[in-house]
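Undergrad: One structure coming up, written as structure tokens, with questions to follow.
Only the coordinates and a few stated rules stand behind these numbers; no lab work does. Remember, it's a predicted structure, so these values are computed and weren't measured experimentally. Don't worry about glycine lacking a Cβ; one is built from the backbone with ideal geometry, like all the others, and counts go over all protein chains shown.
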Amino acid sequence: MSAGGLNRQKPLRQGETVKSELKLPRMVESDPRGPAIKELLNHNLKKLWPKAQTEAVFLPASEKFIRTLQLEHKRGRIVRGFELIERSLEIQAHGLSLVDEKTGGQRGSRVSRLLLISNDGAERFMRNIESLLLEHGDRVLSLVINIDSEKLGQMFFGEGKTAKVMMLEHKESVANALFSLVEGDTSEVEKTASRPAPKTGKPEKPERGPQKAAKKPGKPRPGMAKAGKKAEKKADRK
């Protein structure tokens, strides 16, 4: 799959794009849904804009995908705004370089961040996104969602907020979002509400408790009957 980009030594020719084979998180590649996700991403891969050197995946905003992102946002795993995203990627890159120095080797790069871009970004803004992908594209999968920045911001940050670009962090969260791309649009809440009650195979037993009071009293015991008669005779004598 080609998306994002890596720094290249040779200058690009006119019309040429930066391509690098991105590796998805291991939990995605090892999952049965992995091939379907890769096929979906490859099928929707396009240039960021007509003259761009990098590519992104252009996708509609399915209900399932948006709800999954909203849940991850509640977990504090979405960064909003270009400057904060750039800073977060720089910090991650620095940490990874320190690990490489300590281990004496270079680890293989895998996607651990999902860059979510609105569909109304101007070319100047997209150029900034491209510079980000050229620097960190081995770890970042970029998705252009078919939602404008005003609606996207409102969905995640409230009325009157805009979001031209957001970034989903953590491999687990990225995997959850990618899985939702190949699942149905019906939300989990709707599924639960429409799910029929489980059948046990046995008829339900009527409730007990208050019904006991409705039972007819049984015959009095012999001893109780005699005691009652004696009490009546004493009452007559008085």
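Undergrad: Being of a type in the set (Val, Ile, Thr) and either over 16 Å from residue 70 (Cα atoms) or out of contact with any helix residue (DSSP H, G or I) (no Cβ under 8 Å at 6 or more places or on another chain) (or both) narrows it down to one residue among 145, 129; which is it?
TA: 129
Undergrad: Taking the conditions exactly as written (in contact (Cβ under 8 Å) with a residue 40 or more places away in the chain, farther than 17 Å from residue 85 by Cβ and either of a type in the set (S, T, N, Q) or touching a Pro at 6+ places or on another chain (Cβ under 8 Å) (or both)), does residue 109 satisfy them or not?
TA: It is true that residue 109 is in contact (Cβ under 8 Å) with a residue 40 or more places away in the chain, farther than 17 Å from residue 85 by Cβ and either of a type in the set (S, T, N, Q) or touching a Pro at 6+ places or on another chain (Cβ under 8 Å) (or both).
Undergrad: I'm told residue 117 meets every condition in (1) crowded, with 21+ Cβ neighbours inside 10 Å; (2) in contact with a Pro (Cβ under 9 Å, 6 or more places away or on another chain) except one. Can you identify the failing condition by its number?
TA: For residue 117, the failing item is (2).
Undergrad: If you don't mind, another one. Under 9 Å between Cβ atoms, which residue pairs at least 6 apart in sequence (or on different chains) link something in the range 36-56 that is more than 15 Å from residue 122 (Cα to Cα) with a partner that is assigned to a loop (DSSP other than H, G, I, E, B) and basic (Lys, Arg)?
TA: Close Cβ pairs (under 9 Å, with a partner that is assigned to a loop (DSSP other than H, G, I, E, B) and basic (Lys, Arg)) amount to 54/19; 55/19.
Undergrad: Follow-up question, since we're still on this one. How many residues are part of a loop (DSSP other than H, G, I, E, B) and closer than 14 Å to residue 183 by Cβ when one looks only at the range 31-59?
TA: Residues flagged as part of a loop (DSSP other than H, G, I, E, B) and closer than 14 Å to residue 183 by Cβ within the range 31-59 amount to 3.
Undergrad: May I ask you to say which residue of 29, 39, 63, 55 is under 21 Å from residue 110 (Cα atoms) and loosely packed, with under 14 Cβ neighbours inside 10 Å?
TA: 39 is the lone residue from the list that is under 21 Å from residue 110 (Cα atoms) and loosely packed, with under 14 Cβ neighbours inside 10 Å.
Undergrad: Filter the range 155-178 down to the residues that are of a type in the set (D, E, K, R) and surrounded by 23 or more Cβ atoms within 10 Å (Cβ to Cβ) and list them by number.
TA: Residue satisfying the conditions is 164 alone.
Undergrad: I'm told residue 134 meets every condition in (1) in contact with a Gly (Cβ under 6 Å, 6 or more places away or on another chain); (2) closer than 26 Å to residue 70 by Cβ; (3) not charged (D, E, K, R) except one. Can you identify the failing condition by its number?
TA: So the condition that residue 134 fails would be (2).
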